[in-house]
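Enquirer: Below is one structure. I have some questions about it.
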Amino acid sequence: MSGSIILRSCARFSVPFTIPTKRRVLCSAVLQRYMSSKIPAVSYPNKENTSTPEQLGLDGWKITMKSSVQEEDVSTVSSNKDEDPLAAIRELVEMWRLLGKEVPEHISEEELKTAMECVSKSSKKKYLKYLYIKEKKKKAKQIKKEMKAATREKAVKEQLLETAKEDKQQNFLFLRLWDRNMDIAMGWKGAQAMQFGQPLVFDMDYDNYMKPKELQNTVSQLLESEGWNRRDVDPFHLYFCNLKTDGAYHKELVKRYGEKWDKLLLTATEKSHVDLFPKDSIIYLTADSPKVMTTFKHDKIYIVGSFVDKAMQTGTSLAKAKRLKLATECLPLDKYLQWDTGTKNLTLDQMIRILLCLKNTGSWEEALKFVPRRKHTGYMEISQHSQEFVNRLKNSKTFNSFPKGSLHTQKRWRK
């Protein structure tokens, strides 16, 4: 006891001393043992001796990863708000795509601006979903188109193989006509019509009277009309008059025809038909004309207005013809057909088929077959009483006593 007291009293006045190296190592070893005894030991399983560890559920892993990605991306987007807003919305779209939401893979700058202008988050989601569905439909349409093209190409190859085999097995009496030969023949007919054929004019000065959809329908009818004329035995020389360069009609025609527009065997000009032909040889065909067409005149030039009139703007073409002081005529639909419902305006392809038939045959019965049956109930019939009266006159002596041309019997056709 006395020794310990002496040491304590001396320690108060002694200088601080350092622990020797060996003793310091021993103390650190004792401290490590003490700490290891307090912390519970973690057992690391051996791959060879232990069983398969318990796997984390896939759904739980997805939820955990999505929540972490959301937190990171939201913090990134919020930190980049001061930067370019288009870049921010693009990062937001990319984030939603990684999260599996319905957003488009490819988005343009204009679409990004539109999405940026959306006020709420739900409106952004709806707009991006709309773009996603649109892109999906476009992809499906493209795939379907490629499949059809592949099927068509395969069918053509099979057909060529079959025809080659048939040609080897059989000797034909007649020459086989291929599509290219038919195109060459129709091209020759079109070239002859441009030199010697009767002109038929389509007046293209009605683009201001139509809506874009009606103008597209008119161009579709013009394409069909040109096709029917090209395939006819004796085609017309077609004129597209008042066709303004870079106008609505011209743009739509170039869009539809493509490279074939410059190769068409027709005359397209900005000039009016009055500047190209004399007025006394022009007849403007319009359904509103009071004068009825009786026969087809081969020495006249017929004008057809390129006009789809869904708004029932009656008298438009008639007023234009009167301003130009041109003769007008209408088809004798009431004379030969039992008209049921609807207007007497026909489409451009129906008109050119009627005119081609009249030009080749001169028969109204054959020509008016191209009038849709939904508009009339059939041809006009002679009543039984009138037929008996005409037969009685023919058999009687009084029939021959009438002056020539004084008795007009009107022939009408049956259904």
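Enquirer: Quick check on packing: order 145-157, 112-124 by the mean number of other C-beta atoms within 10 Å, highest mean leading.
Expert: 112-124, 145-157
Enquirer: What does the charge count around D299 come to, taking other residues whose C-beta lies under 13 Å from its C-beta (Lys +1, Arg +1, Asp -1, Glu -1)?
Expert: Here the charged neighbours net out to +2.
Enquirer: Keeping all protein chains in the complex and leaving out DNA, RNA and ligands, what accessible area do you get for T267 with a 1.4 Å probe, in Å² to the nearest 10?
Expert: The value for T267 is about 40 Å².
Enquirer: Another question about this same structure. What ³J(HN,Hα) values, in whole Hz, does the Karplus curve 6.51 cos²θ - 1.76 cosθ + 1.60 give for the range 122-129 when θ = phi - 60°, with x put for Gly and Pro?
Expert: Karplus values, whole Hz, x for Gly and Pro: 5, 5, 4, 5, 5, 5, 5, 5.
Enquirer: Using only the Cα atoms of the range 89-157, what semi-axes does the equivalent ellipsoid have when each is the square root of 5 times a gyration tensor eigenvalue? Give whole Å, largest first.
Expert: Here the semi-axes work out to 34, 11, 9 Å.
Enquirer: Can you compute 3J(HN,Hα) from phi for each residue in the range 109-115, using the Karplus curve 6.51 cos²θ - 1.76 cosθ + 1.60 with θ = phi - 60°, rounded to whole Hz and x for Gly and Pro?
Expert: 5, 5, 5, 5, 5, 5, 5
Enquirer: Right, another one. With 27 Å as the limit, write out which pairs from K101/K144; K244/K300; K297/K335; K125/K251; K113/K260; K126/K255 have Cα-Cα distances beyond it, or answer none.
Expert: Values: K101/K144 25 Å; K244/K300 25 Å; K297/K335 19 Å; K125/K251 37 Å; K113/K260 39 Å; K126/K255 33 Å.
Distance filter (> 27 Å) returns K125/K251; K113/K260; K126/K255.
Enquirer: For D288, what accessible area in Å² do you get when you roll a 1.4 Å probe over the heavy atoms of the protein chains, rounding to the nearest 10?
Expert: Here the accessible area works out near 60 Å².
Enquirer: First measure r as the distance between the Cβ atoms of T114 and I184, then evaluate 1/(1 + (r/R0)^6) with R0 = 51 Å and state the FRET efficiency to the nearest 0.05.
Expert: The formula returns an efficiency of 0.50 here.
Enquirer: Contact order normalised by length for the range 196-384, with contacts defined as Cα pairs under 8 Å and 6 or more residues apart; what percent is it?
Expert: Numbers: 271 pairs, mean separation 50.8, N = 189.
In percent, rounded to a whole number, it is 27.
Enquirer: Counting Lys and Arg as +1 and Asp and Glu as -1, what is the net charge of the other residues whose Cβ lies under 15 Å from the Cβ of V233?
Expert: For residues surrounding V233, the net value is +2.
Enquirer: A further question follows. Around K271, with a cut-off of 13 angstrom between Cβ atoms, what is the net charge of the other residues, counting Lys and Arg +1 and Asp and Glu -1? Show your work: numbers first, answer last.
Expert: On the way: positive: K244; negative: D203, D205, E270, D275.
In short, -3.
Enquirer: Work out how much length K141 to E158 would gain on full extension: take 0.36 nm times their residue separation and subtract the Cα-Cα distance, in nm to one decimal.
Expert: Result: 3.6 nm gained on full extension.
Enquirer: Once the whole set of protein chains is in place, how much accessible area is left on E226, using a 1.4 Å probe, in Å² to the nearest 10?
Expert: Ignoring ligands and nucleic acids, E226 comes out at about 20 Å².
The values are calculated or read from the model by the stated rules, or taken from the named source; none is laboratory data. Remember, predicted model here, so these are calculated numbers, not experimental data. Don't worry about glycine lacking a Cβ; one is built from the backbone with ideal geometry, like all the others, and counts go over all protein chains shown. To get the accessible areas, we keep the full protein, side chains included, count just its heavy atoms, and leave off ligands, DNA and RNA. Shrake-Rupley method; radii C 1.70, N 1.55, O 1.52, S 1.80 Å.
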